[in-house]
Amino acid sequence: MKQNRDLSLIRADIDAVDDQIVQLFAARMRLVREVALTKKASATGLEHTAREQAILRRVSAAAGGYAPYAERLFQTLFTLSKEYQAQIIEGGGEDE
């Protein structure tokens, strides 16, 4: 029978993954800022439904059994990204 790892060790591993997620999220939001500035300069709209659907298909396929959760995660990322883009485009804010 497989012995379970100590809960504190598992949580430490989760913390390490969370640290990586935060760094990747910050990198993604910096890129979203660039997208917003480009859209602002070219008067392009915020919505790009076809791109979002393509990303959800790709993520869902890569996530295997976690697909429903990955889809929810990315839908949340899309929402946050569009909110940030709107802030930059409509509000003129360009700060990180």
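Among residues other than residue 47 whose Cβ falls under 11 Å from its Cβ, what is the net charge (Lys/Arg +1, Asp/Glu -1)?
Values: positive: 39, 51, 82; negative: 52.
Once positives and negatives cancel, what remains is +2.
With a cut-off of at most 13 other beta carbons within 10 Å, and DSSP calling the residue loop, which GluC sites (Glu not before Pro) in region 10-60 qualify? Please list them.
On the way: sites: 34, 47, 52; in loops: 47.
Passing both the DSSP loop test and the Cβ count: 47.
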Helix runs (DSSP H) in the chain reaching 24 Å along axis by Cα, Kyte-Doolittle at least -0.5: 7-42, 67-91
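Apply the a/c threshold of 1.5 to the C-alpha gyration tensor of the chain and tell me whether it is rounded, prolate or oblate. Show your work: numbers first, answer last.
Working: a/c = 4.03, a/b = 1.89, b/c = 2.13.
Oblate.
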Sites residue 71 and residue 39, calculated FRET efficiency, Cβ-Cβ separation with R0 22 Å, nearest 0.05: 0.35
Around residue 19: net Lys/Arg minus Asp/Glu count, Cβ-Cβ under 14 Å: -2
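Every number in this text was worked out from the coordinates using simple rules, so none of it is lab data. Computed from a predicted model, the values in this text were never measured in an experiment. When we count neighbours, we look across all protein chains shown, and the Cβ atoms used for this are built from the backbone with ideal geometry, even at glycine.
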